[in-house]
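Working notes, structure below.
The values are calculated or read from the model by the stated rules, or taken from the named source; none is laboratory data. Keep in mind the model is a prediction, meaning the values are calculated, not measured. Here the Cβ positions follow ideal geometry from the backbone for every residue, glycine too, while neighbour counts run over all protein chains shown.
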Amino acid sequence: MKLLLDSTLCQGYGLCQEHAPELIELDEWGYASVVAADVPPGAENAARDCADSCPNSALRLEN
Amino acid sequence: MTTTRARGARRTAVRSLMPPAATGPDAGERTPGTVLGPHPDRLENARTYLAHGGYATATAPDALPGLLTRSGLCGRGGAGFPTAVKMAAVRDAGGAPVVVANGEEGEPGSVKDRWLLRARPHLVLDGLARAATAIGARRGYVYLSDPAAARHVRQALAEHPPPLSVQVVETEHTYVAGEESAVVRRINGGPALPAAKPPRPFERGVGDEPTLVANVETLARIALLAARPDLSRRIAEATLLTVSGGGDHAPLLTEAPYGTTLRELASAHGGPDGGAHPEGALMGGLFGGVVAGESLDLPVDPGRLAAAGTALGCGAIRFLGPQDCPVTAAGEAAAHLAAESARQCGVCVAGTGSIRDALRQLAAGSATEDVRASLARWSAGLPGRGACGLLDAAAGTAGSLLRAFPAKVGAHLAAPCTVCAAGFGMPDGPPASTRLTVPVPVPEVPDTPQPAPGQPAGAARRP
């Protein structure tokens with residue numbers, strides 16, 4: 001499973017990071033970057049929550 | 001924020017640095033297998049192009065991919081990706097492939113692509129048709145913003161209609177308009193703005209079909225290779241370069257073999273100090289960052305430059321002379337990038353703006369050690385975070401300044417610099433693009449090309 005970020009859509013809400021601090025890092029301006037694009041085993045649910053949490057649908061999962 | 005005129009009335013000189021061809025029937029002559037060709041100052045019409053062996057069938061379409069692989073030809077748009085690999089990816093993606101000749105050069109210091117379309121449109125269209133045949137494409141586009149180039153391409157299409165449907169698509173001239181996903185969006189009827197990847201154009205591009213977006217110089221080299229496979233090394237291992245810098249010294253559009261060193265190039269340009277003592281250079285358009293004097297013995301070979309931590313990019317090189325300061329050079333590059341950000345990605349707006357402001361503080365002599373630390377952090381953390389490479393260019397520029405000129409940066413932390421104080425370090429200094437922009441050569445139009453009998457002049461259509 002892959003977690004992909006469309007940086008044109010990221011508005012820096014930061015909700016993704018609350019759901020999956022091990023997958024997402026926020027920079028000094030609050031914008032997200034994906035730390036582990038290949039979701040590690042066991043983190044699939046966190047990745048789903050993380051993608052679902054974005055108010056602007058900037059994150060998506062790909063198998 | 002684009003200017004079409006540089007300072008004063010400087011014209012860009014066009015002069016080849018290619019050695020004579022070593023083999024073939026025309027051994028000893030300098031122009032065989034070159035993109036500049038025999039008359040770079042003149043529009044080449046179909047008759048002249050045909051007379052010099054253009055549109056010939058020296059290489060069969062099914063032999064082209066192998067020829068390109070063996071030649072090692074890499075793309076000339078900036079990324080330097082192997083052309084044969086890119087073509088195979090499009091061909092193997094299925095569907096009805098599309099080819100785009102990308103002539104939209106957004107780098108302010110580059111003029112080669114616009115010169116090429118203005119002076120040698122047939123060379124590009126020949127390469128476009130050959131690439132299309134090799135990957136099974138029946139639709140082609142020439143994508144550009146330069147009105148003179150558009151006119152000459154349309155004339156060329158009418159003079160010698162290609163074996164596939166080719167449309168000219170015009171766009172606004174911006175820094176990001178030539179980025180391949182922006183090219184696809186514009187041709188598909190959208191804005192010329194980069195899109196998030198994947199999918200990449202080779203997977204899904206124009207009309208959702210696999211699309212080869214190829215730089216116009218790359219296509220020109222494909223045409224040259226097909227016509228002269230005996231000169232494949234000469235053709236694949238040479239490049240167009242736009243050389244500028246040195247105050248009011250005229251810029252130079254040239255073609256040189258990969259082995260040519262930056263120092264030789266500076267000397268041929270005759271720029272700062274007659275080209276004798278450049279103190280560094282801004283490399284690759286805005287993608288190679290700044291390099292110091294000790295890097296000037298590097299050759300203009302994309303692989304060697306990449307290994308040394310810089311980049312040939314689209315071949316735009318701005319030399320820094322004794323009257324220049326690398327902090328100002330890096331700052332102006334960052335300011336141009338910040339102004340040209342498509343403002344789609346928040347991280348790009350914040351990142352490029354922060355880098356520009358930090359470099360302006362450094363130039364003004366008001367930066368603290370924290371500013372240097374921030375620049376180092378951004379140069380490591382920002383690349384790869386935007387939808388296109390613009391943010392990477394700004395971050396790379398900052399990083400290159402810290403790496404190549406650590407003592408200069410330290411001196412700027414200690415005290416204001418007189419060069420910077422007179423320009424970039426001023427709160428309302430002149431716009432960076434004024435100094436970065438190189439004027440495009442204007443080829444003479446020797447005679448009016450005549451459309452072939454029975455061919456409507458409207459063979460080139462606007463979308």
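Below is a table of values for the structure above.
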{"quantity": "Those residues of the range B:114-155 which are of a type in the set (S, T, Y), farther than 24 Å from B:L241 by Cβ and touching a strand residue (DSSP E or B) at 6+ places or on another chain (Cβ under 7 Å), in sequence order", "calculated": "B:Y141"}
{"quantity": "Any hit, the range A:30-39, residues being loosely packed, with under 15 Cβ neighbours inside 10 Å, at pLDDT 95 or above and away from every other protein chain (no Cβ under 14 Å)", "calculated": "no"}
{"quantity": "Lone qualifier among B:L265, B:L305, B:L298 - being surrounded by 24 or more Cβ atoms within 10 Å (Cβ to Cβ) and either in contact with a helix residue (DSSP H, G or I) (Cβ under 8 Å, 6 or more places away or on another chain) or over 22 Å from B:V176 (Cβ atoms) (or both)", "calculated": "B:L265"}
{"quantity": "Candidate set: the range B:162-191, residues that are within 14 Å of chain A (Cβ to nearest Cβ) and over 17 Å from the mean Cα position of the chain (by Cα); chosen: the one surrounded by the fewest Cβ atoms within 10 Å (Cβ to Cβ)", "calculated": "B:G190"}
{"quantity": "Among (1) within 25 Å of B:G245 (Cβ to Cβ); (2) under 21 Å from the mean Cα position of the chain (by Cα); (3) surrounded by fewer than 17 Cβ atoms within 10 Å (Cβ to Cβ), the one test that B:G384 misses", "calculated": "(1)"}
{"quantity": "Residues being in a loop (DSSP other than H, G, I, E, B) and of a type in the set (V, I, T) - total across the range B:136-171", "calculated": "1"}
{"quantity": "Index of the failed condition, B:D26 passing every other in (1) within 15 Å of B:L224 (Cβ to Cβ); (2) surrounded by fewer than 16 Cβ atoms within 10 Å (Cβ to Cβ); (3) under 24 Å from the mean Cα position of the chain (by Cα)", "calculated": "(3)"}
{"quantity": "Flag if B:P302 is farther than 23 Å from B:H249 by Cα and in contact with a strand residue (DSSP E or B) (Cβ under 7 Å, 6 or more places away or on another chain)", "calculated": "yes"}
{"quantity": "Only one of B:A250, B:A192 that is in a loop (DSSP other than H, G, I, E, B) and either aromatic (F, W, Y) or in contact with a strand residue (DSSP E or B) (Cβ under 6 Å, 6 or more places away or on another chain) (or both)", "calculated": "B:A250"}
{"quantity": "Single residue of the range B:195-219 satisfying the filter (in contact with an Asp or Glu (Cβ under 8 Å, 6 or more places away or on another chain), over 19 Å from B:R138 (Cβ atoms) and outside any loop (DSSP other than H, G, I, E, B)) that is nearest to the other protein chains (Cβ to nearest Cβ)", "calculated": "B:N215"}
{"quantity": "Set B:G178, B:G140, B:G190, B:G207: member being assigned by TED's automatic domain parsing to the domain that holds B:A46 and free of Cβ contacts under 8 Å to residues at least 40 places away in the same chain", "calculated": "B:G190"}
{"quantity": "Residue match in the range B:390-398 (condition: under 27 Å from A:L5 (Cα atoms) and either in contact with a Cys (Cβ under 7 Å, 6 or more places away or on another chain) or modelled with pLDDT under 95 (or both))", "calculated": "yes"}
{"quantity": "Residue, surrounded by the fewest Cβ atoms within 10 Å (Cβ to Cβ), within the range B:342-366, restricted to residues that are more than 8 Å from chain A (Cβ to nearest Cβ) and among the β-branched types (V, I, T)", "calculated": "B:V349"}
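Residue by residue, here is whether (1) more than 14 Å from chain B (Cβ to nearest Cβ); (2) under 20 Å from B:P194 (Cα atoms); (3) assigned to a helix (DSSP H, G or I) holds:
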{"site": "A:L4", "(1), (2), (3)": "no, yes, no"}
{"site": "A:S7", "(1), (2), (3)": "no, yes, no"}
{"site": "A:Y13", "(1), (2), (3)": "no, no, no"}
{"site": "A:N45", "(1), (2), (3)": "yes, no, yes"}
{"site": "A:C50", "(1), (2), (3)": "yes, no, yes"}
{"site": "A:P55", "(1), (2), (3)": "no, no, no"}
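Quick grid of which residues meet (1) of a type in the set (V, I, T); (2) modelled with pLDDT of 90 or more:
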site: B:V243; (1), (2): yes, yes
site: B:G246; (1), (2): no, no
site: B:P251; (1), (2): no, yes
site: B:P257; (1), (2): no, yes
site: B:R263; (1), (2): no, yes
site: B:A266; (1), (2): no, yes
site: B:G270; (1), (2): no, no
site: B:D273; (1), (2): no, no
site: B:G285; (1), (2): no, no
